[in-house]
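One structure below.
Readers should treat all values here as calculations from the given coordinates under stated rules, not as data from a laboratory. Note that the structure is a prediction, hence the values are computed from the model and not measured. Glycine gets a Cβ as well: all are built from the backbone with ideal geometry, and neighbour counts include every protein chain shown.
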Amino acid sequence: MIQKYVFNIPGAPVRVFRSENEGRQTLDTYLENKIRCRVTIENQYEQNEIISTPVEAIFTFFLPKNHKYRQNLVSIVELFRFINQIAEGTIYKKDTLLYRIEMRKEYSNEPHTEIIIQTIDEIKGGFNEARKEKKKISKKR
């Protein structure tokens, strides 16, 4: 049975903390944001069991519309890494279960992060099947 979960984390999306700390955030602020996001996800997650089957995920980061935020050019990969650190072990067991990922960055007057997770019943095909199919086609030529 396919299950779908939607999580909404209010506040500007946070990117992963860098050790070189370019003055954008301190480690304390980073850890506070991480705890806030984890608690938000846990409160919205009705199922207490961590997902251990393959999932599809859509991560949408709604960044503030102000000019200063746009100048910093926030990397979508850094935003994903931060959320993935929280979701791994809270929603899904390991990030290796992410079968398909879609990431989007949008701008909004109400910054927040939206996560949609959907379980997959069966993975059809895969790399080996695609390779076998390609060999069959090339042999026919």
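Brief remarks follow.
- Annotation for SER52 and TYR99: the two label points, set 7 Å from Cα along the Cα-Cβ direction, are 1.8 nm apart.
- Built amide H within the under 5 Å cut-off of LYS65, gap 5+: SER108
- Equivalent-ellipsoid semi-axes of the stretch 81-122, from the Cα gyration tensor, Å, largest first: 22, 13, 9
- Modelled spin labels at LEU73 and ASN109, positioned 7 Å past Cα toward Cβ, are 2.9 nm from each other.
- The slack between ASP28 and MET1, meaning 0.36 nm per residue of separation minus the straight C-alpha distance, is 5.6 nm.
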